[in-house]
């Protein structure tokens, strides 16, 4: 920790002023010439002696200021008996430290003076020495003329700084604005005058709004290592001024229009909007600090409201400030206005979004149903497509398909015509043993246990038959021909695979 200025001064004062007194042979007494103290704090008057004699009395006294020949007792002490006594004006504030040093607590301003230390030996020989006690008093600093101090823009103002009741004198005096030394703000000294140790008062020339702030007078004194300060606020008044206003407007009728005006001033300005001298309804609002705004709104503007609108701002300083803005209200806009267009667009977008979500939901449901049906009839979907394994090689794989014959009967002949051509002959039927998927359009789709009416061919190869309302070819080695007494067909069981009118399968 660094020593304080007062502490360093005290140490150097003690070291430089120490002197040795030899009043009697064999007695050496050491005291400083002077000691500095700060009022209200403790101080030690250091003293030491060396002797081969016996000391019977240590006596501290102070020389009377009015009569230098008289001394007032401060503290008496008998080292042999331990008995001590303090002067009437000191009480318990004084006591001895180490050999003969005098400690004084709560130093007062009137404690300053010349103190004398006297030693008495057992043979009544005496030795004495003096030390000067300097009691330093920090000064009181006051600034003015008032706090806060109000001044109008353009004038000059003098800020006073008085330093009183200090001892010794101050060593420096400076002014600060918002914590920054004045000399750093205007090095050319055109704005400020004086404000120093020789001339404590600060003069501010041609005050403007930027000069407002907190001003502090700071002084340095030996009694303390910190500056002693006193501050005040300077409030600068200036007239109202409009700093921003809306530009000229051209709007269609039946629309809303907003006119805004911003002004500054101290005190805060009053503001209005007028048209041809008539005050218009408006809203006044504080923006920040010394700024205010005035807003006027015309709802459903009409064409007869075209004209010049004036914003006016004023306060108690100087003349008011006024600025005009011209508003033109034209014919109503053709077609839909912007609000209606926005509503239509919003509704359209919403409808499209809902429709898209609905379509996606339907597709999702249908897809799930299709997957479920496909899983349910997976056997029939994969029939004829998958590779047979060894376990079902005999039961599912049909015989080799024979080569197709050349048919004598046309394929597009109706079933009734073909039956008439075979009048008198018994109808022949065949039962399907193996499933068969048609490769060409003129082939029938066969399922196990289907019963086919045979129209032509029973001698092997391909036969012509009638099944489920369709005439087509089928391989004879995939069926078993029924006997005559089994001619009435048995309705085949319905499966998950059906044929449409063209012979194609559907699920």
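Bear in mind these aren't lab numbers, they're just calculated from the coordinates by the rules spelled out. All values derive from a computational prediction rather than experimental measurement. Cβ: placed from backbone, ideal geometry, glycine included. Neighbour counts: every protein chain shown.
Modelled label positions at residue 275 and residue 48, each set 7 Å beyond Cα in the direction of Cβ, lie 9.7 nm from each other. The gain in end-to-end length when the residue 297 to residue 345 segment is fully stretched comes to 14.5 nm, 0.36 nm per residue minus the alpha carbon separation. Scoring 139-151, 92-104 by mean Cβ neighbours within 10 Å over their residues and listing the highest first yields 92-104, 139-151.
Sorted on the mean count of surrounding Cβ atoms within 10 Å across their residues, most packed first, peptides 272-279, 462-469 read 462-469, 272-279. How many nm is it between the label spots at residue 425 and residue 468, if each spot is 7 Å from the Cα in line with the beta carbon? Computed distance between label sites residue 425 and residue 468 equals 2.6 nm.
If you plug the beta carbon distance of residue 83 and residue 165 into 1/(1 + (r/R0)^6) with R0 = 45 Å, you get a FRET efficiency near 0.65.
Of 303, 296, 271, the sequence from fewest to most neighbouring Cβ atoms within 10 angstrom is 303, 296, 271.
Sort segment 31-144 into rounded, prolate or oblate with this rule: let a ≥ b ≥ c be the square roots of the eigenvalues of the Cα gyration tensor; rounded if a/c is under 1.5, and if a/c is not under 1.5, prolate when a/b is larger than b/c, oblate otherwise. Here segment 31-144 falls in the prolate category.
The gain in end-to-end length when the residue 352 to residue 98 segment is fully stretched comes to 81.2 nm, 0.36 nm per residue minus the alpha carbon separation.
Straightening the chain between residue 243 and residue 305 buys 19.8 nm, computed as 0.36 nm per residue apart minus the Cα-Cα spacing. Between residue 185 and residue 322, what FRET efficiency follows from the Cβ-Cβ distance if R0 is 45 Å, with the result rounded to 0.05? The formula returns an efficiency of 0.80 here.
Classify segment 246-329 as rounded, prolate or oblate, taking a ≥ b ≥ c as the square roots of the eigenvalues of its Cα gyration tensor: rounded when a/c is under 1.5, otherwise prolate if a/b is larger than b/c and oblate if not. It comes out prolate by the Cα gyration axes. Label sites at residue 152 and residue 441, each approximated as a point 7 angstrom past Cα along Cα to Cβ, lie 11.0 nm apart.
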